[in-house]
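Take this structure, written in structure tokens, and hold onto it; I'll ask about it next.
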Amino acid sequence: MKKFLLLLISLCLILGCATAANKRSLKDLPKSDFSVEIPAGWWKPQYVNKYLITKDGPFLQYVLIQQRPIDRPFKNTQKKLKKRMLPLESANIIIDEIASDRNITNFKVVENTPAVINGHAGFKIIFTYKDKKGSMFKTLYYGFIRSNTFFNLRYNAAMQQYYDKDIADFKLILNSFKLVEG
């Protein structure tokens, strides 16, 4: 009986470890028209249905990479991007969208400048905000329009503990970003 109980406990521990390891994997990243190199230690939460990766948990820091049709209106402002829009014009739509989010307070744009992402003219926005709990976050947001698609890469992290700690990993991801032709 003791051997059976010990075997049962061991089996539960093994299954628990396998489940935890599965949660900290890069499985199930959505199919996309881009590729990136992901630094060691970053993983995709199972419950997130986006191209979102984190190192210490999505409430502490994450990298989110999105592609969306330019004619789809944004949730908070209903504004749309346009095919031949200048990078800083599209950056201003993104700023308006974020500033209109009711879950964000104390929104402050630190920098809004042109940027080149994988050879594409785009923009870079750095901003800070507080969430509803009063925690301070900092975001580095890059975006560009290609054809009928808006691509964006953003690094968001708790400002005090995580932003500076993992910014080098985000820059590696950003510099490895490539559109997949096909």
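Return the pair list, or none, for Cβ contacts closer than 9 Å from residues in region 157-182 that are crowded, with 17+ Cβ neighbours inside 10 Å to residues that are part of a loop (DSSP other than H, G, I, E, B) and among the charged types (D, E, K, R), at least 6 apart or on different chains.
Tyr162/Lys55; Tyr162/Asp56; Asp166/Lys55; Asp166/Asp56; Asp169/Lys55; Ile173/Glu37; Phe177/Glu37; Leu179/Asp33
Is it the case that region 116-131 has a residue that's outside any strand (DSSP E or B) and within 20 Å of Leu88 (Cβ to Cβ)?
Yes, the conditions are met somewhere in region 116-131.
May I ask you to verify whether Phe123 is surrounded by 19 or more Cβ atoms within 10 Å (Cβ to Cβ) and not charged (D, E, K, R)?
Details: surrounded by 19 or more Cβ atoms within 10 Å (Cβ to Cβ): yes; not charged (D, E, K, R): yes.
Judged against the criteria, Phe123 is a match.
Can you report the number of residues in region 63-106 which are part of a strand (DSSP E or B) and either surrounded by 15 or more Cβ atoms within 10 Å (Cβ to Cβ) or touching a Cys at 6+ places or on another chain (Cβ under 8 Å) (or both)? Explain how you work it out, then say what you get.
Kept after step one, since they are part of a strand (DSSP E or B), are these residues of region 63-106: 63-69, 105-106.
Adding the requirement that they be either surrounded by 15 or more Cβ atoms within 10 Å (Cβ to Cβ) or touching a Cys at 6+ places or on another chain (Cβ under 8 Å) (or both) leaves 63-67.
Result for region 63-106: 5.
Also, I was wondering about something else. Taking Lys44, is it over 16 Å from Asp169 (Cα atoms) and either open to solvent by 30 Å² or more (accessible area, probe 1.4 Å) or at pLDDT 90 or above (or both)? Spell out the reasoning first.
Values: over 16 Å from Asp169 (Cα atoms): no; either open to solvent by 30 Å² or more (accessible area, probe 1.4 Å) or at pLDDT 90 or above (or both): yes.
Judged against the criteria, Lys44 is not a match.
Return yes when Gly134 is part of a strand (DSSP E or B) and either out of contact with any helix residue (DSSP H, G or I) (no Cβ under 9 Å at 6 or more places or on another chain) or at pLDDT 95 or above (or both) and no when it is not.
On the way: part of a strand (DSSP E or B): no; either out of contact with any helix residue (DSSP H, G or I) (no Cβ under 9 Å at 6 or more places or on another chain) or at pLDDT 95 or above (or both): yes.
Considered against the rule, which asks whether it is part of a strand (DSSP E or B) and either out of contact with any helix residue (DSSP H, G or I) (no Cβ under 9 Å at 6 or more places or on another chain) or at pLDDT 95 or above (or both), Gly134 comes out as no.
Conditions tested, residue by residue: (1) farther than 25 Å from Pro39 by Cβ; (2) in contact (Cβ under 8 Å) with a residue 40 or more places away in the chain; (3) not aromatic (Phe, Trp, Tyr).
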| residue | (1), (2), (3) |
| --- | --- |
| Ala99 | yes, no, yes |
| Asn106 | yes, no, yes |
| Met136 | no, no, yes |
| Phe151 | no, yes, no |
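The values are calculated or read from the model by the stated rules, or taken from the named source; none is laboratory data. This structure is a prediction, so every number in the text was calculated from the model and none was measured. For neighbour counting, all protein chains shown are included, and Cβ atoms are generated from backbone atoms with ideal geometry for every residue, glycine included. SASA here: full protein model, heavy atoms, side chains in, ligands and nucleic acids out. Shrake-Rupley method; radii C 1.70, N 1.55, O 1.52, S 1.80 Å.
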